[in-house]
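Report on the following structure.
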Amino acid sequence: MRPIQFYYIKGRDFFNAGRTSTTIKRHLREKEYPPGVIQRVAIIAYEAEINIVCYTDHGYFFLYFLDDRVRIIVKDRGQGIEDIDLAMQEGFSTASDEIRKLGFGAGMGLANIKKNADRLAIRSVPGVGTVLEIDVLTNSEGRSDSMGTTLREVMDRANLEFLTDGLDIDRELTGGYAGDLLSDVNANSSAGNVWVTVLTHPNVTAVAGLKELAGVIIAGGIRPGADFIEKAYSEKIPILFTEMNAFDVVAMLASLGVTGNS
């Protein structure tokens, strides 16, 4: 099985509703995942898929098959959620009469997802869309709210060069961001992210420090100068370096379960 799988789901396509979750369940069975894990992932995938079909224009599934968990990232473009706490309550629904007549819209979707997930994070902008980040652990004894990946693990797995010896690379990552415009990263990255860039200007470390990023990976083989490293130490921003291009670095991070911001 590929370590990452991607699925596109079309909104209002009730005829095909449930096919993606069925495909995911079949993959898990073929790879002999524990029955309980298969059931939980299938329920989560189904509920998320139905929500996309009922309430959005379209959506995407990203599945990461990691050593200790299945990570499901669901992104949609649609009406969004006005009140997440209210939407999490069993029985609450904004479904239309048309959707209810088709047998959907009982108001159990998000509640069922939460019940079967070891970790669930929801971000939503009304009128724009929603992102769900879900973890199902293959060993239920190891439940955790963290993403479970650190810069040290990234460095070791990908054989990256550590340019700022002594700085902390054991901080758990909250996600990743890739970009070469400082204003873009300043606007859209989040605290705890790892930033992938080809920029080697010292202002990179200033922005990373301002945003409290976990670290920066310099891709593309252009080694930063002494002024860059000095500034990184000043801002306490760990710097990793690689000859890999930025696209390959992002793919590598995704294979380790590091997800992107939205």
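Mind checking which residues of the range 172-194 are buried (at least 17 other Cβ atoms within 10 Å of the Cβ), farther than 16 Å from A121 by Cα and in contact (Cβ under 8 Å) with a residue 40 or more places away in the chain?
Those that are buried (at least 17 other Cβ atoms within 10 Å of the Cβ), farther than 16 Å from A121 by Cα and in contact (Cβ under 8 Å) with a residue 40 or more places away in the chain: Y177, A178, S189, V194.
Which condition does A226 not pass, out of (1) within 14 Å of V154 (Cα to Cα); (2) modelled with pLDDT of 95 or more, if it passes all the others?
With (1) within 14 Å of V154 (Cα to Cα); (2) modelled with pLDDT of 95 or more applied to A226, the lone miss is (1).
Please find, among K236, K211, the residue that is among the basic types (K, R) and either under 16 Å from G176 (Cβ atoms) or assigned by TED's automatic domain parsing to the domain that holds I72 (or both).
Going through K236, K211 in turn, the sole match is K211.
Return the only residue of E235, E230 being among the acidic types (D, E) and surrounded by fewer than 16 Cβ atoms within 10 Å (Cβ to Cβ).
Step by step, each of E235, E230 is checked, and only E230 is among the acidic types (D, E) and surrounded by fewer than 16 Cβ atoms within 10 Å (Cβ to Cβ).
If you take the residues in the range 147-182 that are in a helix (DSSP H, G or I) and in contact with a helix residue (DSSP H, G or I) (Cβ under 8 Å, 6 or more places away or on another chain), which one is farthest from D135 (Cα to Cα)?
Taking the candidates together, the pick is L182.
For the subset of the range 19-32 comprising residues that are surrounded by 15 or more Cβ atoms within 10 Å (Cβ to Cβ) and in contact with a helix residue (DSSP H, G or I) (Cβ under 8 Å, 6 or more places away or on another chain), which member is nearest to F65 (Cα to Cα)?
Top of the filtered list is L28.
Any idea how many residues of the range 195-211 are assigned to a strand (DSSP E or B), of a type in the set (A, V, I, L, M, F, W, C) and in contact (Cβ under 8 Å) with a residue 40 or more places away in the chain?
Result for the range 195-211: 1.
What about R223, is it surrounded by fewer than 19 Cβ atoms within 10 Å (Cβ to Cβ) and over 28 Å from K75 (Cα atoms)?
Spelling it out, R223 is indeed surrounded by fewer than 19 Cβ atoms within 10 Å (Cβ to Cβ) and over 28 Å from K75 (Cα atoms).
Does V131 satisfy the condition of being assigned by TED's automatic domain parsing to the domain that holds I44 and modelled with pLDDT of 95 or more?
It is true that V131 is assigned by TED's automatic domain parsing to the domain that holds I44 and modelled with pLDDT of 95 or more.
Is the range 245-262 home to any residue that is among the hydroxyl-bearing types (S, T, Y) and farther than 28 Å from F62 by Cα?
no
Is it true that G260 is free of Cβ contacts under 8 Å to residues at least 60 places away in the same chain and either farther than 11 Å from V196 by Cα or of a type outside the set (S, T, Y) (or both)?
Here the answer is no, as G260 does not meet what is asked.
So in the range 120-136, with the set limited to residues that are within 24 Å of D68 (Cα to Cα) and aliphatic (A, V, I, L, M), which one is surrounded by the fewest Cβ atoms within 10 Å (Cβ to Cβ)?
If we take residues in the range 120-136 being within 24 Å of D68 (Cα to Cα) and aliphatic (A, V, I, L, M), then A121 is surrounded by the fewest Cβ atoms within 10 Å (Cβ to Cβ).
Specify which of the listed residues (A254, A219, A214) is free of Cβ contacts under 8 Å to residues at least 40 places away in the same chain and of a type in the set (A, V, I, L, M).
Step by step, each of A254, A219, A214 is checked, and only A219 is free of Cβ contacts under 8 Å to residues at least 40 places away in the same chain and of a type in the set (A, V, I, L, M).
Take R77 and decide whether it is farther than 27 Å from P34 by Cα, assigned to a strand (DSSP E or B) and touching a residue at least 60 places away in the same chain (Cβ under 8 Å).
Criteria not met by R77.
The values are calculated or read from the model by the stated rules, or taken from the named source; none is laboratory data. Just so you know, these numbers come straight off a predicted model, no measurement behind them. In this analysis, Cβ positions are derived from the backbone assuming ideal geometry, glycine residues included, and neighbour counts consider all displayed protein chains.
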